[in-house]
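**Student:** Just passing along the structure, written as structure tokens.
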Amino acid sequence: MKKIAFIGAGSFEFTRDLVRDILTFKALEDCELALMDIDGQRLDYSRRACEKIIEAGGYPARATATHDRVQALSGADGVVITILSGGPSIFRTDIEIPERYGIDICVGDTRGPSGIFRFLRTAPIMLEICRDIERICPDAIVLNYTNPMAMLCRYLQGETGLHITGLCHSVQGSAQMLARWIGADIDDVTYLCAGINHQAFYLTFENKGRDAYPDIRAAVQRPEIYNEEIVRNEMFLHLGYFSTESSGHNSEYNPWFRKNKAEIERYCTHGTGWNPGEHAYILKEYFNRQETWQREIQQWLDEKDISLERGGEYAAQIFNAVFGDHTPFAFNGNVRNFGLIDSLPDGCCVEVPALADTTGIHARRVGTLPAQLNLLISNSAQCEEMAVMGCISGNRDMIYHAILFDPLTASQLDMAGTRRMVDEMFEANKALLPQFFH
């Protein structure tokens, strides 16, 4: 019997869906699902969801729930990390302080001032978890879903010797969207996708072995397609390659779409996508769901019939490849850049094709990115690298410099203004970041 530990199992939808996927594999259907969270109520909901899936599928698996991380990790073959450090009352300052300085944030969980401070708060907790894994189950395959993905993976891969990679659903999700746009069957689509998390691009995109980019260009000319992802489609039309991340996220990572109210209205307010780029979109979602999340979970738990069909997340197929039935699985993962993308900084975290098999996870060399993509991505990668170094050393200046060169921040603030904003963000996080206050 294999054991898979979920650290942060109170992330109900992630835990429920990943468990559903894992149990679809014959080699894993009798595994132990060890759920761990510090929130007892959320943990109980996730345990009940797992038991519902096990019962519905007639699986010989078993689910256990604990507040004890050591107990959950003991004997684990795989670990999934889906934690959230703090709640809206803490990370709202990541959005609200930049707003006072004219910087309009949509999500704020990846990079820029908001993503960097989320990273600084989350990194020590993630390192504690990984130190436990090193001590208790050092050979486990560790899959991280916690944002900011690139900075956390770079930090943890540099500070530990674990078999760890980070996973994001944007690559496969965007491929499915593009296939729909051109009327292709996703099973006929192949692609090469590379960059950094939330700033990766399809370097090739083929349908039945034929270049499908002409079909995508034609599709984007249709208003209903263009309006579905306005920011991404603008970037595609001008850069020549399609990005994996949604318009709302993408609008934060460059200086072109959020500089003023007119641009936000033109590019980020409308559209048929799930998140065109509304101000504080995710923060509002968190606050809105504070009154409804328990009811929504209970409604699912009360449903008589639930789908047991495998979803599109990578985790289950990676675990199956390494310690299940050993069917190799190709995916895009987040790993350090040692000879993978020549044009990006050595050692930074990149999102590249990888293969999982019985010997582990192996990243694929990509080479050099197109020059225009490299200009965009390299700046973000260098800012992230500086933020990680600042986190390790407790150096506030390095954090300031990482934010100073953020494209959206630089489009709004002079150097002194950026310093004031960063100082205010540090002060708001003083109790959580004592290493920066000497």
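Table: residues versus (1) buried (at least 20 other Cβ atoms within 10 Å of the Cβ); (2) free of Cβ contacts under 8 Å to residues at least 24 places away in the same chain; (3) assigned to a strand (DSSP E or B).
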residue: 308; (1), (2), (3): no, no, no
residue: 317; (1), (2), (3): yes, no, no
residue: 320; (1), (2), (3): yes, no, no
residue: 327; (1), (2), (3): no, yes, no
residue: 335; (1), (2), (3): yes, no, yes
residue: 343; (1), (2), (3): no, no, no
residue: 347; (1), (2), (3): no, no, no
residue: 351; (1), (2), (3): yes, no, yes
residue: 354; (1), (2), (3): yes, no, yes
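**Student:** State which residue is surrounded by the most Cβ atoms within 10 Å (Cβ to Cβ) when the search covers only region 176-213 and only residues that are among the small types (Gly, Ala, Ser) and closer than 26 Å to residue 109 by Cβ.
**Tutor:** 195
**Student:** Under 6 Å between Cβ atoms, at least 6 apart or on separate chains: pull out the pairs that start in region 33-49 with a residue that is free of Cβ contacts under 8 Å to residues at least 12 places away in the same chain and end on any residue that is among the polar types (S, T, N, Q) and surrounded by fewer than 20 Cβ atoms within 10 Å (Cβ to Cβ).
**Tutor:** none
**Student:** In region 252-287, what residues are touching a Lys or Arg at 6+ places or on another chain (Cβ under 8 Å) and either closer than 24 Å to residue 352 by Cβ or basic (Lys, Arg) (or both)?
**Tutor:** Scanning region 252-287 gives 252, 253.
**Student:** Considering each of 122, 146 in turn, give the residue that is within 16 Å of residue 335 (Cα to Cα), at pLDDT 95 or above and of a type in the set (S, T, N, Q).
**Tutor:** Numbers: 122 fails: within 16 Å of residue 335 (Cα to Cα).
Step by step, each of 122, 146 is checked, and only 146 is within 16 Å of residue 335 (Cα to Cα), at pLDDT 95 or above and of a type in the set (S, T, N, Q).
**Student:** Also, quick follow-up: Could you tell me whether any residue of region 400-414 is acidic (Asp, Glu) and either modelled with pLDDT under 95 or touching a strand residue (DSSP E or B) at 6+ places or on another chain (Cβ under 8 Å) (or both)? It would help to see each step written out before you state the result.
**Tutor:** Applying the first criterion (acidic (Asp, Glu)) to region 400-414 yields 406, 414.
Right, trim to either modelled with pLDDT under 95 or touching a strand residue (DSSP E or B) at 6+ places or on another chain (Cβ under 8 Å) (or both) and you get none.
Looking through region 400-414, none of the residues is acidic (Asp, Glu) and either modelled with pLDDT under 95 or touching a strand residue (DSSP E or B) at 6+ places or on another chain (Cβ under 8 Å) (or both).
**Student:** Still on this model: For region 156-174, which residues satisfy the criterion of being surrounded by 18 or more Cβ atoms within 10 Å (Cβ to Cβ), in contact with a Cys (Cβ under 8 Å, 6 or more places away or on another chain) and part of a helix (DSSP H, G or I)?
**Tutor:** 156, 157, 171
**Student:** What residue, of 253, 241, is of a type in the set (Phe, Trp, Tyr), surrounded by 19 or more Cβ atoms within 10 Å (Cβ to Cβ) and touching a Gly at 6+ places or on another chain (Cβ under 9 Å)?
**Tutor:** Residue meeting the stated conditions: 253.
**Student:** I need the strands (runs of 3 or more DSSP E) fully contained in region 1-115, keeping only those with at least 2 residues that are in contact with a strand residue (DSSP E or B) (Cβ under 7 Å, 6 or more places away or on another chain) and small (Gly, Ala, Ser).
**Tutor:** Per the criteria, 62-66.
**Student:** Examine region 279-287 for a residue that is over 13 Å from residue 105 (Cβ atoms), touching a helix residue (DSSP H, G or I) at 6+ places or on another chain (Cβ under 8 Å), in a loop (DSSP other than H, G, I, E, B) and not acidic (Asp, Glu), and state whether such a residue exists.
**Tutor:** To start, the set of residues in region 279-287 that are over 13 Å from residue 105 (Cβ atoms) comprises 285-287.
Within this subset, residues satisfying the condition of being touching a helix residue (DSSP H, G or I) at 6+ places or on another chain (Cβ under 8 Å) are 286-287.
Imposing the further condition that a residue be in a loop (DSSP other than H, G, I, E, B) reduces the set to none.
No, every residue in region 279-287 fails to be over 13 Å from residue 105 (Cβ atoms), touching a helix residue (DSSP H, G or I) at 6+ places or on another chain (Cβ under 8 Å), in a loop (DSSP other than H, G, I, E, B) and not acidic (Asp, Glu).
**Student:** Is it fair to say residue 398 is crowded, with 21+ Cβ neighbours inside 10 Å, touching a helix residue (DSSP H, G or I) at 6+ places or on another chain (Cβ under 8 Å) and without any contact (Cβ under 8 Å) to a residue 60 or more places away in the chain?
**Tutor:** In short, no.
**Student:** Which residue is surrounded by the fewest Cβ atoms within 10 Å (Cβ to Cβ), if the candidates are limited to region 356-369 and must be assigned to a strand (DSSP E or B) and not aliphatic (A, V, I, L, M)?
**Tutor:** So, considering only residues that are assigned to a strand (DSSP E or B) and not aliphatic (A, V, I, L, M), the one surrounded by the fewest Cβ atoms within 10 Å (Cβ to Cβ) is 367.
The values are calculated or read from the model by the stated rules, or taken from the named source; none is laboratory data. In this text, all values refer to a predicted model and were calculated from it rather than measured experimentally. Don't worry about glycine lacking a Cβ; one is built from the backbone with ideal geometry, like all the others, and counts go over all protein chains shown.
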